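The values are calculated or read from the model by the stated rules, or taken from the named source; none is laboratory data. Note that the structure is predicted; figures quoted are calculated from it, not measured. When we count neighbours, we look across all protein chains shown, and the Cβ atoms used for this are built from the backbone with ideal geometry, even at glycine. What goes into the accessible areas is simple: the full protein's heavy atoms, side chains included, and nothing from ligands, DNA or RNA. Shrake-Rupley method; radii C 1.70, N 1.55, O 1.52, S 1.80 Å.
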Amino acid sequence: MLGLSMSITLFFPSWDFRSAESTWVGLDKSLSNGRVIGWSYEDPLVRGDGKPITVILNKDPKTGEEFDPAIRAYVYKPGTPFAAVVNHPDNLGPTVKSLSISKGKIDQAEKSAGAVFIISYADVNGEEWAYVENATATRGWTPSQVLNSTDESQHKYVGKGKTVYITEGCWWCHTLLPEHTQDWQVFGWPPYVGDMNGEMPTAFGSDRKAPDLLHVASRNSSREWMMLHFFNPRLVQPNSIMPRFDYLWGKTDANGNPIDFAKWRKEYDEYRKGLRAYPPEVPEYAPDTEIRALIDWILTSLK
Amino acid sequence: MLLKYLFAKNEDIPPGTATIFFGYSSIFWFVIGTGIGSFNAAKLAFPDFVTGTELFAFGHMRQVHVLAVILGWISMAFAMTMMYMTPALGNTKLWSEKLGLWTAMNWNIGLSLGLFLLWMGFTSGREYSDLIWPIDLVVIFGVLLPLGINVWMTIAHRRTQGIYITNWFFGACIFFVIVVFVVGQSAELFNLTGLTEGYLTFWFAHNVLGLWITPVAAAIAYYTIPKLTGNPLYSHRIGHLHFWAIIAFYSTPASHHLLAAPLPEWLKSFASVEGVLILIPAVAFVANILLTMKGRWSMFVENVEIKFSVTGVLLAIPLNMQGGFQQTRAINWYVHGTGWIVAHAHLALLGMSSFLEIAAVYFGLQQMLRRKLYSLALANFHYWFVIIGFCIYWISMTIAGLIQGAGKIYEVPYIDVVIAEHPYMIARWVGGTMVFTGNLVWLYNMYMTAVEGTVVPKGRYAHELAYER
């Protein structure tokens, strides 16, 4: 009896899952997240270590040719574990897998040397398919070349940002799974079958106490707003029940000055009591902070 | 005091030692779990309550509450009942008290470690499977497997001819929960990703409820109600129907938790149909127990253990009526992901399941300590605080859920839903705090029972003696 229910609920669906072809969204998520998010051997302290960097690339790092619009390069420094879709190409789905190996040469990527991946398109029987291209093998781009030819602000710490989403438990309030009802209009379209290939964890969320975030950056792409909102949601949304995430700023601000949280909270309390006309200024975050990575993830991935 | 037996010879350990260890541990974790629950609820009502520290942030505490009550309170209470019911029903002794003690020991250490790490942010990011996989391995090999071996061997060494329904459930459910754990956590162990991972997460979440928390709680009622009332179980055959129907229908509807995800449509439809069929075991169970009460309904008022047990069984009625239908597509789109589901989950775990276990822990501890419960008044206080607190919680969250559902379909800006929910969030916190308070009193009452309860004479049951307080 248990065997029967196991085959129906585990074995049969596994055929459907294996045949799911990865979409662009799925490739983007998997390549930008790295092998797994959450506790793992490459990230034992769950700080977002061992994750790739997503680079917004507006020119070819080798030839200098301009890209318009800019493309995304997923930079794996030497030693960074590859995404699940590269490690196990079966995760890509049959067609995308064969394209990614024959044209994309992902089987030639070496973890010890690092690699740069991009998402390219190919025509199969009149249909356009996105596949993974190992640009290190096909175009000779190295991780350091790509990083050095671009500005810091073009580096998006997406994998690290999603790690923050997981460890800080945002998913206990927010979901990443718009439903079929009103969500089409308000929170955007529900994910397609191939949107999750290689993603771990999916963190759909089950208890929605707050807006769905899957497409939040399409509604609101202001870094400034995000910054204020995370420091203290009630600065921009007085009735919010979202917790303050000011501790993600770390100890110092962008200029290296220590952040005086006690003073900030005191002044904010005064503002709430009407003793001050304006709330205190929210400190600018430093580039290597968790809040930077979190906002990078939101604005890059949750479109 | 009990720990001195950890290295004693098995024969020298007095029967019941493992029961007592598990019993007190479970109450302790109940207090911790509901305490954190009440703290979390306060944060949802008043977001600036304890703010600015990472460790006391909502996102760090929420999963600790859930796993403390599931793995600490409920599962340890299960182990506790298995330690005394299985031998009693087989007319024999527990196969190994020593193994039982060690299981309890591993359990407390492993869970403390797991919850501590979780609290610090070491998580797999998968709901209900949040513990990182090394801890999952501790749970499987250090806790569930030894527990299973003890129960299976005790059943094998029974000195009765048949196996009573309770032991059917105990033996089978431990096997199931091990399978469920192994399959559910395989996503982390073998890096299974994407939809497979999402599905396995909810496959685990569903089956750990369906093949562990609900059926074992029911199995406990099959023991406590006949034992305390003195009535034989109304029908062993209906019990069997319950057992087999659980395996057939409760093990399959996992994907009804993910109706909004792009899972195969056939799987979702299959799950919804099977989900309605869960009403078969549910009705069989409730009817069987309520019919067993025949002629002894006065005990519902007079006897604390029966009061808790029967309340649990009665709560199974709304639980299953909600459960059977809210997972169909026709209804699910309205309530999915809202407070309604939170209310339902608490109806299952804090309502139905916990009430049955509380009764069994009261009964078993008195039996094994050979001491009468210290105070009836405190026990009644416990009952009323937990039931009233639970009802406040349940009703307020149900209303909050309906508001969220309405907000969904009428495309209300989300912030207005948050504002509308605020009073119910406060009510939720009040209810949760009452449950916590009741449990604190229970812990005190049980402690006093161990040190000052009247000694129960040989050959008598604790519930046959009169209360002194």
Sorted by chain and then number, the residues having a modelled amide H within less than 5 Å of the amide H of A:K59, at least 5 places away or on another chain, are A:F67
Two pseudo-spin positions, 7 Å from Cα along C-beta at B:V50 and at A:W189, lie apart in nanometres by 4.4 nm
Two pseudo-spin positions, 7 Å from Cα along C-beta at B:R469 and at A:L45, lie apart in nanometres by 5.0 nm
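Ratio of the range A:196-278's C-alpha Rg to 2.2 N^0.38 Å, to two decimals?
Numbers: Rg = 16.2 Å, N = 83, 2.2 N^0.38 = 11.8 Å.
So the Cα radius of gyration is 1.37 times the expected 2.2 N^0.38 Å.
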Which of B:K43/B:K408; A:K105/B:K268; A:K62/A:K156 exceed 26 Å between C-alpha atoms? The answer is A:K105/B:K268
By the C-alpha gyration tensor axes a ≥ b ≥ c (rounded if a/c is under 1.5, else prolate when a/b exceeds b/c, else oblate), the shape of the range B:245-404 is prolate
Rg (one decimal) and Dmax (whole number) from the Cα set of chain A, in Å, equal 21.1, 69
Cα-based Rg then Dmax for the range B:142-190, in Å, read 13.2, 44
In units of 2.2 N^0.38 Å, the Cα radius of gyration of the range A:1-52 is 1.65
In chain B, helical segments from DSSP H whose Cα atoms cover 27 Å or more along their own axis and that average at least -1.0 on the Kyte-Doolittle scale are B:17-45, B:97-120, B:165-189, B:304-326, B:376-409, B:414-452
Counting sequence-distant residues (5 or more places) and residues on other chains, those with an amide H built under 5 Å from that of A:A70 are none
With all protein chains present and a 1.4 Å probe, the order of B:F49, B:F385, A:F17, B:F204 from largest accessible area down is B:F49, B:F385, A:F17, B:F204
Here the range B:197-251 gives, from Cα atoms, an Rg and Dmax in Å of 14.2, 48
In the range A:178-225, the residues losing 50 Å² or more of accessible area (1.4 Å probe, heavy atoms of protein chains only) relative to their chain alone are A:E179, A:T181, A:Q182, A:M200, A:F204, A:S206, A:D207, A:R208, A:K209
Note on chain B: alpha-carbon gyration tensor, axes a ≥ b ≥ c; rule is a/c under 1.5 for rounded, else prolate if a/b larger than b/c, else oblate; result rounded
Quick P(r) readout (the range B:331-469; Cα-Cα; 5 Å bins; whole %) gives 2, 10, 16, 16, 13, 11, 9, 7, 6, 5, 3, 2, 0, 0
With all protein chains present, the range B:102-166 has a carbon and sulfur share of its accessible area (1.4 Å probe) in percent of 75 percent
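Would you kindly work out the equivalent ellipsoid of the range B:1-163 from its C-alpha gyration tensor and give its semi-axes, the square roots of five times the eigenvalues, largest first in whole Å?
35, 15, 14
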As straight-line cross-link partners of B:K4, the qualifying lysines (C-alpha separation under 17 Å, not fewer than 8 residues apart within one chain) are B:K98
In square angstrom to the nearest 100, the accessible surface buried at the A/B interface, both sides summed with a 1.4 Å probe, amounts to 5900 Å²
Contact-by-burial set, the range A:27-57, min loss 40 Å², accessible area of protein heavy atoms with 1.4 Å probe, reference chain alone, gives A:W39
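Return the ratio Rg/(2.2 N^0.38 Å) for the range A:230-303, where Rg is computed over Cα atoms only. Could you put the intermediate results ahead of the total?
On the way: Rg = 13.4 Å, N = 74, 2.2 N^0.38 = 11.3 Å.
Against the compact-globule rule of thumb, the ratio is 1.18.
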Any lysines whose Cα falls less than 17 Å from that of B:K227, other than same-chain ones fewer than 8 residues away, would be B:K294, B:K307, B:K372
Other residues with Cβ under 15 Å from the Cβ of B:A41 give, with Lys and Arg +1 and Asp and Glu -1, a net charge of +1
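Averaged over B:53-66, how many beta carbons belonging to a partner chain fall within 10 Å of each residue's beta carbon?
Values: counts 1, 7, 1, 1, 7, 9, 11, 5, 2, 5, 2, 0, 0, 1.
For this peptide, the per-residue mean of nearby foreign Cβ atoms is 4.
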Per 5 angstrom bin, beginning at 0 and ending with the bin that holds the maximum distance, the Cα pairs of the range B:258-316 fall in percents of 4, 16, 19, 14, 10, 9, 9, 8, 7, 4, 1
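Accessible area per residue for the protein assembly as shown in Å², computed with a 1.4 Å probe and the full protein assembly in place, what is it?
Details: 28790 Å² over 772 residues.
Normalised by residue count, the accessible surface of the protein assembly as shown is 37 Å².
When all alpha-carbon pairs of the range A:1-118 are counted, what percent fall beyond 17 Å?
Above the 17 Å cut-off, the range A:1-118 has 64 percent of its Cα pairs.
Past the 49 angstrom mark, what percentage of all C-alpha to C-alpha distances in the protein assembly as shown do you count? Please report the intermediate quantities before stating the final value.
Numbers: 62006 of 297606 pairs.
The answer is 21 percent, as a whole percent.
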By the Cα gyration tensor axes a ≥ b ≥ c (a/c under 1.5 gives rounded; else a/b larger than b/c gives prolate, otherwise oblate), the shape of the range A:106-170 is oblate
